[in-house]
Amino acid sequence: MTTAQTIPTSASTLTGMKVVDPTGATVGRVTEFAVDVERDATRVAGLILKTGSGKAGKKLLPIENLVLPKASDTILHSKSNSTNALNGEDFMLLDRDLLDQQIIDVDGRKVVRVNDVNLAWEPGAGDSVAGLVIQEVEVGTRGASRRLLKGLPYIAVEGLSNRFKARVIPWEFVDLIGQSRLAKLHPSDIAELLEELAPDEREAVFSSLPEETAAEALEEFEPKMQKEIMQRLDSERAADIIEEMDPGAAADLLGSLPDEESEAILEEMEPEERQDVEDLLEFSPDTAAGMMTTDYVRVSPEAKVSEAVEALRSFEGDADTVAEIYLVTADDALKGIITLPSLLLAAHGDSLSKLVHGHAVSCGLHDDEQHVAQLFDKYNLRSLPVLDAHGKIAGVIHAEQVIAQLVEK
């Protein structure tokens with residue numbers, strides 16, 4: 001959206017436009033738009049002009065060197081013929097890096113293709129230009145028609161292209177530079193968006209995500225896509241992400257990779273996280289042990305409610321999966337399960353053992369996934385402890401894992 005103080009234009013309108021100096025001599029023609037992302041990602045820092053042949057024939061004209069144009073102007077006027085040498089690595093270039101590219105609309109949670117970029121001239125003092133603002137990207141037919149008709153008079157192009165409904169995304173909702181806004185989406189939304197991208201684009205976006213966000217999103221991908229993404233990462237980066245994943249999910253993923261690649265990632269992991277995953281890798285994924293995680297909240301049967309609350313606060317696993325707390329002795333014997341509502345309603349000084357009600361349903365390490373699903377259904381479970389041959393707790397299966405297995409089947 002433009003205001004009364006700005007003059008609307010677009011990348012397609014300006015591309016190819018001649019720039020002349022005060023004497024009327026041609027300085028060059030507009031071929032690109034340079035954005036200094038580090039300084040200001042919302043404005044075009046300068047126009048790249050074609051002044052000759054080859055790389056040396058491209059120069060940067062700072063926006064401030066221009067005379068303020070009218071919307072219908074077909075020639076741009078420069079205050080001088082002074083231009084700077086161009087180093088394309090210092091800038092994001094709108095045509096090269098944005099037009100025809102797939103981008104992520106973080107507000108609409110979808111991947112779209114950019115057809116044009118709407119810009120606006122900001123007036124300065126007198127007839128000077130204060131800036132060229134990036135306002136929104138065109139992702140519909142209107143933007144595409146502008147580019148097809150570029151070179152024709154501005155009024156004619158606007159008259160024809162405006163017959164089509166505008167489909168635009170405000171620049172602040174385009175997550176192209178950094179992925180801070182993308183990282184705030186739900187992991188399943190991030191996974192769905194990235195699945196729509198081409199492999200190279202997906203890798204670039206995924207690599208820019210914080211490790212914890214990348215791990216959460218990775219768990220939402222289909223197994224085939226998980227494998228493809230991991231094989232595109234170097235071992236150190238892959239290990240950092242794997243360490244942030246649920247151990248059970250991490251083991252499933254590493255188990256799908258070739259042994260050589262899996263070992264390379266394991267070698268880069270911290271000893272404690274590596275041991276948890278290696279223990280789980282010993283089991284088949286279609287058994288209870290293969291479905292379980294070793295991340296769960298455990299406290300002593302002699303503990304009080306206040307100690308359980310502290311254990312919850314210090315839990316380093318996925319807090320969203322916690323529905324129950326397990327009373328476990330020093331030698332790993334399971335003595336009871338307490339639901340979070342029971343804990344919430346109890347006094348801080350109450351003994352946890354008094355909050356245990358009924359029999360704790362459990363399964364064995366080698367029980368198959370069908371038996372596990374039947375237990376969840378029969379007892380309406382939120383989670384299920386997995387016991388070894390000696391009756392000691394080895395891990396926990398969460399309902400989310402059972403649902404994921406059933407959906408996959």
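The values are calculated or read from the model by the stated rules, or taken from the named source; none is laboratory data. Worth saying up front: this structure is predicted, and the values here are computed from it rather than measured. In this analysis, Cβ positions are derived from the backbone assuming ideal geometry, glycine residues included, and neighbour counts consider all displayed protein chains. The accessibility values were calculated without ligands, DNA or RNA, using every heavy atom of the protein model including side chains. Shrake-Rupley method; radii C 1.70, N 1.55, O 1.52, S 1.80 Å.
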Revision key, fill the gap. Within region 196-215, the count of residues that are in contact with an Asp or Glu (Cβ under 8 Å, 6 or more places away or on another chain) and either of a type in the set (Asp, Glu) or open to solvent by 10 Å² or more (accessible area, probe 1.4 Å) (or both) comes to 4
Exercise for review: From (1) closer than 24 Å to Ala347 by Cβ; (2) surrounded by fewer than 16 Cβ atoms within 10 Å (Cβ to Cβ), pick out the condition that doesn't hold for Gln275.
Suggested key: (1)
Revision key, fill the gap. In region 15-47, anything part of a strand (DSSP E or B) and more than 19 Å from Val137 (Cβ to Cβ) is listed as Lys18, Val19, Val20, Thr26, Val27, Gly28, Arg29, Thr31, Gly46
Practice item. Among what's in region 134-148 and is under 26 Å from the mean Cα position of the chain (by Cα) and not charged (D, E, K, R), pick the residue that is surrounded by the most Cβ atoms within 10 Å (Cβ to Cβ). Key: Val137
**Study point:** Conditions (1) of a type in the set (Asp, Glu); (2) under 20 Å from Leu334 (Cα atoms); (3) not in a helix (DSSP H, G or I); number of the one not met by Glu316
**Key:** (2)
Check your understanding: Just wondering, is there one or more residues in region 36-59 that are farther than 19 Å from Val117 by Cβ, open to solvent by less than 40 Å² (accessible area, probe 1.4 Å) and modelled with pLDDT of 90 or more?
Key -> no
Point to revise | Matching residues in region 96-136 - criterion: being at pLDDT below 90 and among the hydrophobic types (A, V, I, L, M, F, W, C) | key: Leu98, Leu99, Ile103, Ile104, Val106, Val111, Val112, Val114, Ala125
Point to revise | Residue list for region 189-216, filter: among the aliphatic types (A, V, I, L, M) and within 17 Å of Ala239 (Cα to Cα) | key: Leu209, Ala214, Ala215
**Study point:** Conditions (1) at pLDDT below 90; (2) over 15 Å from Leu384 (Cα atoms): number failed by Glu302
**Key:** (1)
Practice item. Inspect region 315-334 for any residue being without any contact (Cβ under 8 Å) to a residue 12 or more places away in the chain and surrounded by fewer than 15 Cβ atoms within 10 Å (Cβ to Cβ) and give the result as yes or no. Key: yes
Review point. Is there a residue in region 376-386 that is hydroxyl-bearing (Ser, Thr, Tyr), at pLDDT below 95 and not in a helix (DSSP H, G or I)?
Key: yes
Exercise for review: Could you tell me whether Thr74 is touching a strand residue (DSSP E or B) at 6+ places or on another chain (Cβ under 7 Å), modelled with pLDDT under 90 and not small (Gly, Ala, Ser)?
Suggested key: no
Review point. Does Ser353 satisfy being assigned to a helix (DSSP H, G or I), at negative phi and touching a Pro at 6+ places or on another chain (Cβ under 7 Å)?
Key: yes
Study note, to complete from the structure: Just one listed residue, out of Gln405, Gln401, is closer than 17 Å to Ala323 by Cα, part of a helix (DSSP H, G or I) and at pLDDT below 95, and it is Gln401
